[in-house]
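Below you'll find the structure, written out as C-alpha cells, and then a few comments.
The values are calculated or read from the model by the stated rules, or taken from the named source; none is laboratory data. All of these numbers come straight from a predicted model, not from anything done at the bench. Using ideal geometry, Cβ is built from the backbone for each residue, glycine included, and neighbour counts are taken over all protein chains shown.
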Amino acid sequence: MKNNQVYLDPHDVERSMQQLARFYHLDQPTLDMLRRVVQRYPRPVIVYVDEANAPPPHPVHPG
C-alpha cells in the first residue's frame, strides 16, 4: 500500500482502523462508528488520502 492510501478491509477491521489513525485524529466515538461501517461493507475499499491537506501523522510510540 502506498503512503497516501488507506485499505479498509471488513475482514481485518483493526488494521483498517490503525491505517485511518495514521492520517486522521479521530476520537473514539468516530472510530467506533467507522469500525461498524467497515465491518458491514461487502468488500475492501481503498481510500486515497490528500496528504497536503491531512493533519500531521501521530508519532509512533513503542509498546
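The numbered conditions (1) at pLDDT 85 or above; (2) under 9 Å from the mean Cα position of the chain (by Cα); (3) surrounded by 13 or more Cβ atoms within 10 Å (Cβ to Cβ); (4) not aromatic (Phe, Trp, Tyr) are all true for ASP12 except (2). The residues of segment 15-34 that are modelled with pLDDT under 85 and part of a helix (DSSP H, G or I), listed by number, are ALA21, ARG22, PHE23. Any chance you could count how many residues in segment 16-47 are hydrophobic (A, V, I, L, M, F, W, C) and in contact with a helix residue (DSSP H, G or I) (Cβ under 9 Å, 6 or more places away or on another chain)? Residues in segment 16-47 being hydrophobic (A, V, I, L, M, F, W, C) and in contact with a helix residue (DSSP H, G or I) (Cβ under 9 Å, 6 or more places away or on another chain): 9 in total.
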